[in-house]
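Chemist: What follows is a single structure, and I will ask about it in a moment.
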Amino acid sequence: MKASALPLHGIRVVNFGVGGVAPWAASQLAQLGATVVKIEAPNEFIMYTLPPWRGLTTTYAALNANSRSVKLNLKDEGDRQLAWQLVESADVMIENFRSGAIDRMGFGFDAAAVRNPRIVFCSSSGFGREGDMAGLPCTDPHIQAFSGFATLNGDTKGGERSRYYGMIDLYCGQLICEAVLAALLARRSADKPQYIEMTMLGGATSMLVTKLAGYLRGGPAPTHRDARHSAPDGLYSTSDGAIALTVESDTGFRALCIAIEREDLVQDERFITCPMRLANMQALDAELQKAFAAAPSDWWLVSLRRAGIACAPVHSDYETSTHRDTWARGHLREIAVRNAGRLRAAAPPWDFDGIDQVAGQAPRPGEHSDLLHRDPANFWIALEQQE
């Protein structure tokens, strides 16, 4: 079957967003079959981030895969009217400016709902519309720091500025995609405009749910040293690299000890039960490290897998991108960009039985502006016919 059979075929999305959060959410919707138009903001900093690639950046192309792009000056009345034509005939509008900015531009939810009573409107910001921090600027590394996420990573008391730049951006984009899908369902029965407010702080907090649960019930504050729920759990050096493993039961711990020929650890009173192993995890790590240092990673992976232990080699991201299973599962694909060539990037993580994925493509900034100016009344139809 063709990609036009994807579940969001026929849904129209206008993305006013910048950076990573809203563009990635819109891209996810596009890869589910929606027709997405990005209105390029003059402060779209992602177009100038590294690494550069043939007049664009690979970051911009990857974040905006399968979106279309128009450049409109929202201070110009003619361009404002074109933007309104897009909103009035859309199903979804997404934005992630500072809280209140979209209202000052005249395109807030109240205004959009009057013009389009069936709009699903999602507004995303760092800290939301209310409170002392409302309206403050926020980017991924700052929310990692503010939320406490950064302090749980790294090897020092202060943790790291960010474990991976853009991780919470992308996670929040995925949450927006989920919320929009739910709002589209709600619209069927409520038949009224749907408003969604998303905050990066909320997204980061949801990532810490298990750590916060323990602390808020009266437990100790989590630190970078005990950000675990079981032991052993983590990365262990071998004679030629490192492996990751996790054991969550007494049966699993016994199987591990047999596999590494350290059955004496099963009888050690410090490690007899799961709570005892967690309380003495540093001592347990030291004992395991002695064993794993004696042989290469592949040796241990074979032995541990035979024993039913959850384990994996520690890869760099570039090593994972060349792994045969990554390509066999279709997790990577080529994205075409007009007058630039083809770029390899991540593919949608889902498969629908009997339905082909949409072909990977990314816009050049403003690529579809001429089409919009030339025939605004039929713009959406023209885009949908291209799919």
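The values are calculated or read from the model by the stated rules, or taken from the named source; none is laboratory data. Since the structure is predicted, the reported quantities are computational estimates derived from the model, not experimental observations. Counting neighbours? That spans all protein chains shown, and the Cβs are built from the backbone with ideal geometry, glycine included.
Chemist: Which ones in region 306-343 are of a type in the set (S, T, N, Q) and in contact (Cβ under 8 Å) with a residue 24 or more places away in the chain? I'd like the intermediate steps shown before the answer.
Modeler: Kept after step one, since they are of a type in the set (S, T, N, Q), are these residues of region 306-343: 316, 320-322, 326, 339.
Correct list: Asn339 only.
Chemist: Of all residues in region 247-277 being buried (at least 17 other Cβ atoms within 10 Å of the Cβ) and under 34 Å from the mean Cα position of the chain (by Cα), which is nearest to Arg305 (Cα to Cα)?
Modeler: Here the residue is Leu256.
Chemist: Mind checking whether some residue in region 367-384 is within 25 Å of the chain's Cα centre (by Cα), assigned to a loop (DSSP other than H, G, I, E, B) and surrounded by 12 or more Cβ atoms within 10 Å (Cβ to Cβ)? Full working, then the answer.
Modeler: Of all residues in region 367-384, those within 25 Å of the chain's Cα centre (by Cα) come to none.
No.
Chemist: Moving on. When Ser125 is evaluated against the numbered criteria (1) closer than 24 Å to Ala190 by Cβ; (2) within 27 Å of the chain's Cα centre (by Cα), which criterion, by number, is the only one it fails?
Modeler: It is condition (1) that Ser125 fails.
Chemist: Next up: Can you work out which of the residues in region 173-200 that are hydrophobic (A, V, I, L, M, F, W, C) and out of contact with any strand residue (DSSP E or B) (no Cβ under 9 Å at 6 or more places or on another chain) is nearest to Ala134 (Cα to Cα)? Talk me through it step by step, then tell me what you get.
Modeler: Filtering region 173-200 down to residues hydrophobic (A, V, I, L, M, F, W, C) leaves 175-177, 179-186, 190, 196, 198, 200.
The next check asks that each one be out of contact with any strand residue (DSSP E or B) (no Cβ under 9 Å at 6 or more places or on another chain); those that pass are 177, 181, 185, 190.
Values: Cys177: 23, Leu181: 26, Leu185: 29, Ala190: 30 Å.
Across region 173-200, the extreme among qualifying residues is Cys177.
Chemist: Only one residue in Gly234, Gly218, Gly252 is outside any loop (DSSP other than H, G, I, E, B), under 24 Å from Phe149 (Cβ atoms) and not hydrophobic (A, V, I, L, M, F, W, C), so which one is that?
Modeler: Working: Gly218 fails: outside any loop (DSSP other than H, G, I, E, B); Gly252 fails: under 24 Å from Phe149 (Cβ atoms).
Exactly one residue qualifies, and that residue is Gly234.
Chemist: Looking only at region 22-29, decide whether some residue is of a type in the set (Ser, Thr, Tyr), modelled with pLDDT of 95 or more and farther than 25 Å from Met200 by Cα. Spell out the reasoning first.
Modeler: As a first pass, look at region 22-29 and keep what is of a type in the set (Ser, Thr, Tyr): 27.
Next cut, modelled with pLDDT of 95 or more only: 27.
Among the residues that remain, those that are also farther than 25 Å from Met200 by Cα are: none.
Looking for residues that are of a type in the set (Ser, Thr, Tyr), modelled with pLDDT of 95 or more and farther than 25 Å from Met200 by Cα, one finds none in region 22-29, hence no.
Chemist: Would you say Gly19 is in the same structural domain as Ser69 (by TED's automatic domain parsing), in contact (Cβ under 8 Å) with a residue 24 or more places away in the chain, assigned to a loop (DSSP other than H, G, I, E, B) and within 13 Å of Asp169 (Cβ to Cβ)? Even if it seems obvious, please write down each step before you answer.
Modeler: On the way: in the same structural domain as Ser69 (by TED's automatic domain parsing): yes; in contact (Cβ under 8 Å) with a residue 24 or more places away in the chain: yes; assigned to a loop (DSSP other than H, G, I, E, B): yes; within 13 Å of Asp169 (Cβ to Cβ): yes.
Yes: the conditions hold for Gly19.
Chemist: Regarding region 308-323, can at least one residue be identified that is at pLDDT 95 or above, in a helix (DSSP H, G or I), surrounded by fewer than 16 Cβ atoms within 10 Å (Cβ to Cβ) and polar (S, T, N, Q)?
Modeler: no
Chemist: Could you grab me the full set of residues in region 181-201 that are small (Gly, Ala, Ser) and touching a residue at least 12 places away in the same chain (Cβ under 8 Å)?
Modeler: Narrowing region 181-201 to residues small (Gly, Ala, Ser): 182-183, 186, 189-190.
Within region 181-201, Ala183 is the sole residue that qualifies.
Chemist: Of everything in region 44-55, what is under 22 Å from the mean Cα position of the chain (by Cα) and either more than 23 Å from Val13 (Cα to Cα) or part of a loop (DSSP other than H, G, I, E, B) (or both)? Give them in sequence order. Even if it seems obvious, please write down each step before you answer.
Modeler: Applying the first criterion (under 22 Å from the mean Cα position of the chain (by Cα)) to region 44-55 yields 44-52.
Matches in region 44-55: Glu44, Tyr48, Thr49, Leu50, Pro51, Pro52.
Chemist: Among the numbered criteria (1) without any contact (Cβ under 8 Å) to a residue 24 or more places away in the chain; (2) closer than 29 Å to Thr49 by Cβ; (3) not in a helix (DSSP H, G or I), which one does Phe97 miss?
Modeler: Going through (1) without any contact (Cβ under 8 Å) to a residue 24 or more places away in the chain; (2) closer than 29 Å to Thr49 by Cβ; (3) not in a helix (DSSP H, G or I) one by one, Phe97 breaks only (1).
Chemist: Could I ask something else about it? Answer yes or no as to whether Arg305 is modelled with pLDDT of 95 or more, under 30 Å from Pro348 (Cβ atoms) and not in a strand (DSSP E or B).
Modeler: Spelling it out, Arg305 is indeed modelled with pLDDT of 95 or more, under 30 Å from Pro348 (Cβ atoms) and not in a strand (DSSP E or B).
Chemist: Every residue in region 285-318 that is within 13 Å of Leu245 (Cα to Cα), more than 30 Å from the chain's Cα centre (by Cα) and among the aliphatic types (A, V, I, L, M), please.
Modeler: Within region 285-318, Leu288, Val302, Leu304, Ala307 meet the criteria.
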